[in-house]
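The values are calculated or read from the model by the stated rules, or taken from the named source; none is laboratory data. Bear in mind that the values here come from a model prediction, so they are computed numbers and not experimental data. Heads up, the Cβs are rebuilt from the backbone with ideal geometry, glycines too, and the neighbour counts pull from every protein chain shown. Calculation scope for accessible area: heavy atoms of the full protein, side chains included, ligands and nucleic acids excluded. Shrake-Rupley method; radii C 1.70, N 1.55, O 1.52, S 1.80 Å.
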Amino acid sequence: MEFKTGIIPDELTFGDLFFMGLKRERMFFDRDKNQRTDILEARVYNLSSATQKEQIEVTLPEYIDLKEIEFNKQVKLKNPVIKARAQANGNFANVVWTVEAEDILELGASSKQNKEPVGAGADKK
C-alpha cells in the first residue's frame, strides 16, 4: 500500500486541539555548500491533541504569517495531511510521522478587520 500524498485525517483523528506555541523555524539547507541558509522553509508549532493524548507537531509553510495565538486556545487545522518517512537506525528503520497543514485557525475568533460604516470618522467640512 502506498500513501504518496499522505493520509488525510478526519475530525476524530486529533479530537480537540489546543495551541501550545511555536516550536522552531526550519531553514533551507544548501546541500551544495553543506550549510544552513537564512531562508525560511517552514514553521513548526506544538498543539495538544485530546484524542492522541500528547503534543503533536504541525508544520506550516513559510508563506503563512507567524501565529500569535494565546496559549491553550482551541484551534483547528486547515487541510491537514499526515505523512510518514523512514529514519535509519543501524540495521533497522523507524517510522516518523509528520503533520502538515495549510494553516492553524483559532476557533471562535472573529475577524479583526475594522468595519466602520462608510464616512465614519471622516472630517466633514
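Descriptive notes on the structure:
- Condition met for residue 56 (surrounded by fewer than 13 Cβ atoms within 10 Å (Cβ to Cβ), touching a residue at least 40 places away in the same chain (Cβ under 8 Å) and under 20 Å from residue 78 (Cα atoms)): no
- Complete set of residues in the range 80-102 that are touching a residue at least 40 places away in the same chain (Cβ under 8 Å) and either open to solvent by 90 Å² or more (accessible area, probe 1.4 Å) or not in a strand (DSSP E or B) (or both): 80, 101, 102
- Residue check, residue 29 surrounded by 11 or more Cβ atoms within 10 Å (Cβ to Cβ), in contact (Cβ under 8 Å) with a residue 24 or more places away in the chain and touching a Lys or Arg at 6+ places or on another chain (Cβ under 8 Å): no
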